[in-house]
1. Quick one: which of 49, 93 is modelled with pLDDT of 80 or more and either crowded, with 16+ Cβ neighbours inside 10 Å or more than 30 Å from residue 180 (Cα to Cα) (or both)?
2. Residue 385 - would you say it is exposed (fewer than 13 other Cβ atoms within 10 Å of the Cβ), among the small types (Gly, Ala, Ser) and modelled with pLDDT of 75 or more?
3. Considering only region 262-284, I want to know if a residue exists there that is closer than 30 Å to residue 417 by Cα and part of a helix (DSSP H, G or I).
4. Can you pull out every residue in region 291-348 that is within 29 Å of the chain's Cα centre (by Cα), in a helix (DSSP H, G or I) and among the β-branched types (Val, Ile, Thr)?
5. Please specify each residue of region 389-411 satisfying the condition of being modelled with pLDDT under 85 and either farther than 22 Å from residue 350 by Cα or hydrophobic (A, V, I, L, M, F, W, C) (or both).
6. Under 7 Å by Cβ, and 6 or more places apart or on different chains, what pairs join a residue from region 432-457 that is under 15 Å from residue 40 (Cα atoms) and in contact (Cβ under 8 Å) with a residue 60 or more places away in the chain with one that is open to solvent by 30 Å² or more (accessible area, probe 1.4 Å) and of a type in the set (Lys, Arg)?
7. Picking from 433, 393, 397, 404, which residue would you name as being surrounded by 14 or more Cβ atoms within 10 Å (Cβ to Cβ) and over 30 Å from the mean Cα position of the chain (by Cα)?
Amino acid sequence: MTSNQFWMIWPGNGVASALILFAIAMPFLYAARKLVHDLVRSLGHMVGGPLRLGARWLFATARDMKERNRAVLLAHGREEVGQTIEREFERIGSMVTRDLEGYPALQRKLLEEITRVEEDYKKCGEVPPPPPEWVEAVTAIAKVKSDGNEMVQRILEEIKRSVEGIHSKALAEYRRAYESRHKILNGFMPFWRSLDKTFGQVDKKLTGLQDTSSKIDAQMEKYEQINKKTDKSEHALTVSAFTQFAIATLVLAIAVGGALVNFKLIALPFSEMVGAGDYLTATLRMSDVAALVIIFLEATMGLFVMETLRITHLFPVIANMSERNRRRMLWTAIVFLFVFAGIEAALALMRDMLAADRQALVQSLASAQQAAPPDPLLRLIPTSAQMLLGFFLPFALAFVAIPLESFVYSLRTVGGAFVVMLVRVSAFALRVLGNLVRHLCRVLIALYDVTIVLPLLIERLVKATRAGADDDAREARPVKRAA
């Protein structure tokens with residue numbers, strides 16, 4: 001008998017040995033049934049209880065984190081809307097000061113000119129005076145019958161010529177008077193056009209003021225919704241934060257590409273200046289670190305410029321500086337930016353010279369013949385382009401502070417939402433594991449009962465027999481009493 005067959009009761013027949021051992025162990029398994037059930041339940045509670053407790057704690061933590069994120073989101077939204085309302089009020093103040101400050105004097109001037117125009121118009125609209133009294137006398141003489149009298153006819157003809165002359169003279173005077181009035185009105189035509197233009201500008205400015213007031217009303221309504229902590233305002237702020245995060249990430253990725261181009265421009269000259277053989281670590285050269293430090297300093301100076309101009313608000317200390325100190329810091333940062341831009345332009349020129357020398361060395365080693373020098377004009381174009389790129393890239397990197405601020409503020413909301421989701425997923429996984437352990441314990445108990453099914457069937461038959469005997473005894477007792 002080998003060492004691995006010591007358990008066999010029937011040598012050479014493992015199945016029969018296993019069945020005999022199982023039959024021997026079945027009474028003991030039946031006797032330990034309750035203890036095994038209690039042990040499995042205890043193990044299930046020991047493992048599943050902490051899992052369910054951890055899931056419950058994680059769900060409570062997720063709710064608390066969501067409330068804190070909601071409070072931070074509403075506070076940031078309230079601050080942004082408040083700043084927007086403040087800027088709109090400043091814009092309205094400047095608009096009123098610039099456009100409507102001289103409106104009372106303009107109104108007074110317009111009223112005076114309108115009054116003058118109305119007076120002249122009334123004068124131009126006067127009716128001719130009534131005919132003189134001699135007209136009636138002429139009318140009476142005209143009714144006299146001449147009866148062919150030559151003297152009377154001559155008198156009438158003289159009166160007629162006199163009346164026609166007087167009439168022509170009076171008509172000419174009226175025409176001259178009306179002509180002068182029409183000239184006055186014609187002279188006021190440019191003023192009328194200017195008046196119409198002025199009123200159009202005033203109407204346009206008032207319309208712009210009304211539009212700005214409508215924007216302020218909308219922002220005030222949004223501010224009230226944020227103060228009331230409504231779900232609509234929270235959803236709008238969350239969507240806005242996610243949108244800002246996506247846009248800021250895209251712009252920062254573009255800025256990183258520009259920084260890489262800047263790094264390529266100055267890495268080669270720095271390797272000649274610092275030394276290409278100096279390594280800070282096994283793979284990081286000292287020249288690359290120096291180039292990265294220059295780029296980071298340029299971005300920092302740009303950030304300080306944006307902070308001192310109060311375009312960004314990442315550092316409250318800079319925003320709370322006095323106007324004099326803030327202006328000093330602004331000019332200092334601008335001077336440093338120009339210095340770095342000049343250094344980069346010089347490094348770009350040095351890079352072009354090093355590249356040209358290296359290319360000439362390679363050509364001279366490749367062929368014994370002397371290579372023809374390149375056209376100076378053709379070399380001037382890429383050199384100028386590299387110098388301009390090296391000069392303007394630091395100023396372009398200065399504007400990275402704007403998307404960086406949006407990225408930082410929106411990251412709080414996006415990161416908080418992601419952490420809440422991660423905690424909820426972890427809580428759900430723990431709850432699933434807890435339920436899985438509990439049901440697994442039930443399965444193990446059922447499998448154990450299946451293993452000892454024969455003693456359980458015997459126990460059930462015995463209990464059924466005892467229950468039947470007890471019922472027969474209860475039925476026989478009333479019969480004996482009746483007898």
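The values are calculated or read from the model by the stated rules, or taken from the named source; none is laboratory data. Keep in mind that what you see is a predicted model, and the values were worked out from it rather than measured. Don't worry about glycine lacking a Cβ; one is built from the backbone with ideal geometry, like all the others, and counts go over all protein chains shown. These area figures cover heavy atoms from the full protein model, side chains too; ligands, DNA and RNA do not enter into them. Shrake-Rupley method; radii C 1.70, N 1.55, O 1.52, S 1.80 Å.
1. Just a single option satisfies the conditions, and that option is 49.
2. For residue 385, the condition - exposed (fewer than 13 other Cβ atoms within 10 Å of the Cβ), among the small types (Gly, Ala, Ser) and modelled with pLDDT of 75 or more - is met.
3. For region 262-284, residues closer than 30 Å to residue 417 by Cα and part of a helix (DSSP H, G or I): absent.
4. 295, 300, 305, 308, 317, 318, 334
5. If the condition is that a residue be modelled with pLDDT under 85 and either farther than 22 Å from residue 350 by Cα or hydrophobic (A, V, I, L, M, F, W, C) (or both), then 389 is the only one that fits.
6. Going by the 7 Å Cβ cut-off, the qualifying pairs are 434/52; 441/41.
7. Criteria check complete, one pass: 433.
Every residue, every condition in (1) among the aliphatic types (A, V, I, L, M); (2) modelled with pLDDT of 80 or more; (3) under 30 Å from residue 58 (Cβ atoms), yes or no:
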position: 437; (1), (2), (3): yes, yes, yes
position: 448; (1), (2), (3): no, yes, no
position: 457; (1), (2), (3): yes, yes, no
position: 460; (1), (2), (3): no, yes, no
position: 468; (1), (2), (3): no, no, no
position: 471; (1), (2), (3): no, no, no
position: 478; (1), (2), (3): no, no, no
position: 483; (1), (2), (3): yes, no, no
